[in-house]
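So the structure is just underneath, and the comments pick up after that.
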Amino acid sequence: MGRVGITCYPSIGGSGILACALGEELVRRGHEVHFISYERPVRVPENLPGLSFHQVAIREYELFRHPDYTLPLSVKMAEVAEEQDLDVLHVHYAVPHATAAFLARSMLKSAGRRAPRLVTTLHGTDTTLLGRDPGYRPAIRHALTQSDVVTAVSHSLGDETRRLFELPGPIEVIHNFFAPKTPARPREVIRRELGVADDECLVIHSSNLRPLKRVDRVLQAASEAARLLEPSAARFKLLILAGGDSAPLRPQIQRLGLEGRVIIRERVTEVEEPMLAADLSLYASETESFCLAILEGMAFGRPAVAFAVGGIPEVVETGRSGELVPNGDVGALGRALAGLIANPARRAALGANAQTRARAHFSPEKIVPEYERIYGF
């Protein structure tokens with residue numbers, strides 16, 4: 001049995017979802033897991049034996065213009081590591097988590113205590129956004145070089161990180177995984193609740209609505225598909241699972257004439273029922289390190305239509321488990337979407353291949369042992 005401390009952002013997003021799933025899988029394999037964050041992550045269960053949550057208290061002082069998180073996090077990490085005799089601190093994102101973990105280890109070493117192994121997993125933002133800021137780059141590079149192991153969720157992200165930070169050591173690529181829970185209700189009941197008719201194709205988009213997700217292009221592609229399908233009998237609706245405030249989308253939905261076609265559900269933490277109800281997924285991100293939401297759909301046999309950016313081509317085989325088009329070509333995205341909406345047989349074939357690929361390459365049985373290996377278990 002190993003003892004692992006995990007720190008991630010507790011909000012809805014691929015990194016937090018992956019961290020929570022990893023924690024559950026490690027517990028099922030007999031390890032002990034301790035989550036350390038300012039809030040309980042959205043998918044950390046309350047009463048799972050072997051899994052604990054340790055909350056970081058963030059205090060406000062007039063001396064600081066903004067509340068500091070890094071230092072209280074480092075203190076809590078050191079405290080939990082000593083009290084629970086942790087073998088590993090596994091942090092998701094370098095900023096501020098790897099920096100805090102480095103400080104925690106330094107405090108433990110200076111006190112003559114055992115310092116846990118430090119594993120840092122990169123999910124994208126450290127490289128694609130903060131890593132390009134000279135105010136952050138040196139700190140991120142230092143945190144990565146001080147980690148015992150650095151992992152990335154795709155070869156694309158690993159290669160980009162090595163180039164940007166000129167790291168002396170290797171980056172291990174460990175892809176994301178997804179193990180769907182069995183939905184509580186049947187597909188037809190969920191679709192009826194959403195207002196989707198039996199003969200309508202349900203297209204799904206799930207994201208935190210950050211600007212790089214380009215939900216504006218998702219809506220443009222849906223509008224183009226509707227235009228192309230207008231002479232036919234093929235009908236569809238677009239379901240957006242919004243991990244944030246969807247109000248900014250409303251004017252564009254109205255401008256594009258999509259009011260009766262778009263369904264929005266905010267802050268959905270469990271995706272199994274919506275994915276079961278859907279027929280395919282649609283993404284227009286300008287950059288993606290992996291796109292866990294695509295994998296979630298694939299696990300239910302839902303092919304994706306997306307731009308071929310970042311790590312997405314490592315997940316989706318275009319023409320076999322989904323349709324990928326050149327980055328930024330919204331017209332091509334709309335045409336690919338319309339083609340699958342109008343062709344249920346092809347959609348089903350791609351979906352079957354997508355599900356097979358998800359199980360073969362991105363299952364817990366395939367991925368979690370890779371983390372156990374780098375932990376030294």
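The values are calculated or read from the model by the stated rules, or taken from the named source; none is laboratory data. For clarity, every value in this text was computed on a predicted model and none was experimentally measured. Using ideal geometry, Cβ is built from the backbone for each residue, glycine included, and neighbour counts are taken over all protein chains shown. Protein only, heavy atoms only, side chains kept; ligands, DNA and RNA dropped before computing areas. Shrake-Rupley method; radii C 1.70, N 1.55, O 1.52, S 1.80 Å.
Key figures
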read-out: Qualifying residue in segment 20-40 (condition: of a type outside the set (Asp, Glu), without any contact (Cβ under 8 Å) to a residue 40 or more places away in the chain and touching a helix residue (DSSP H, G or I) at 6+ places or on another chain (Cβ under 7 Å)); value: yes
read-out: Residue list for segment 289-298, restricted to those being at negative phi and either in contact with a strand residue (DSSP E or B) (Cβ under 8 Å, 6 or more places away or on another chain) or not in a loop (DSSP other than H, G, I, E, B) (or both); value: Ser289, Leu292, Ala293, Ile294, Leu295, Glu296, Gly297, Met298
read-out: Out of Ala233, Ala306, Ala284, sole residue that is open to solvent by 50 Å² or more (accessible area, probe 1.4 Å) and either outside any helix (DSSP H, G or I) or over 30 Å from Glu365 (Cα atoms) (or both); value: Ala233
read-out: Residue in segment 322-339 that is in a loop (DSSP other than H, G, I, E, B), out of contact with any helix residue (DSSP H, G or I) (no Cβ under 7 Å at 6 or more places or on another chain) and touching a residue at least 24 places away in the same chain (Cβ under 8 Å) present; value: yes
read-out: Test set (1) under 27 Å from Glu24 (Cβ atoms); (2) open to solvent by less than 10 Å² (accessible area, probe 1.4 Å) - Leu340 fails condition number; value: (1)
read-out: Flag for Tyr93 being within 26 Å of the chain's Cα centre (by Cα), open to solvent by 60 Å² or more (accessible area, probe 1.4 Å) and at pLDDT below 90; value: no
read-out: Yes/no for Phe178 being within 27 Å of Ala19 (Cβ to Cβ), touching a Lys or Arg at 6+ places or on another chain (Cβ under 7 Å) and surrounded by 21 or more Cβ atoms within 10 Å (Cβ to Cβ); value: no
read-out: Options Ala115, Ala81, Ala104: the member that is closer than 22 Å to Val33 by Cβ, open to solvent by less than 50 Å² (accessible area, probe 1.4 Å), touching a residue at least 60 places away in the same chain (Cβ under 8 Å) and small (Gly, Ala, Ser); value: Ala81
read-out: Test: residue in segment 15-36 that is touching a strand residue (DSSP E or B) at 6+ places or on another chain (Cβ under 8 Å) and open to solvent by 40 Å² or more (accessible area, probe 1.4 Å); value: yes
read-out: Breaking point among (1) in a strand (DSSP E or B); (2) closer than 27 Å to Ala152 by Cβ; (3) not aliphatic (A, V, I, L, M), for Thr99; value: (1)
read-out: Some residue of segment 117-130 being more than 22 Å from Ser154 (Cα to Cα) and either touching a helix residue (DSSP H, G or I) at 6+ places or on another chain (Cβ under 9 Å) or at pLDDT 95 or above (or both); value: yes
read-out: Qualifying residue in segment 58-66 (condition: among the aliphatic types (A, V, I, L, M) and either touching a Lys or Arg at 6+ places or on another chain (Cβ under 9 Å) or under 21 Å from Pro116 (Cβ atoms) (or both)); value: no
read-out: Entirely in segment 120-170, the helices (runs of 4 or more DSSP H) that have 1 or more residues that are open to solvent by 30 Å² or more (accessible area, probe 1.4 Å) and farther than 10 Å from Ser289 by Cβ; value: 137-145, 155-165
read-out: Contacts under 7 angstrom Cβ, first residue in segment 177-195 being within 28 Å of Ile312 (Cα to Cα), partner charged (D, E, K, R) and at pLDDT 95 or above, 6 or more apart; value: Phe177/Lys366; Phe178/Glu296; Pro180/Glu272; Lys181/Glu272; Pro183/Glu272; Pro183/Glu273
read-out: Boolean, Tyr61 is at pLDDT below 95 and surrounded by fewer than 14 Cβ atoms within 10 Å (Cβ to Cβ); value: yes
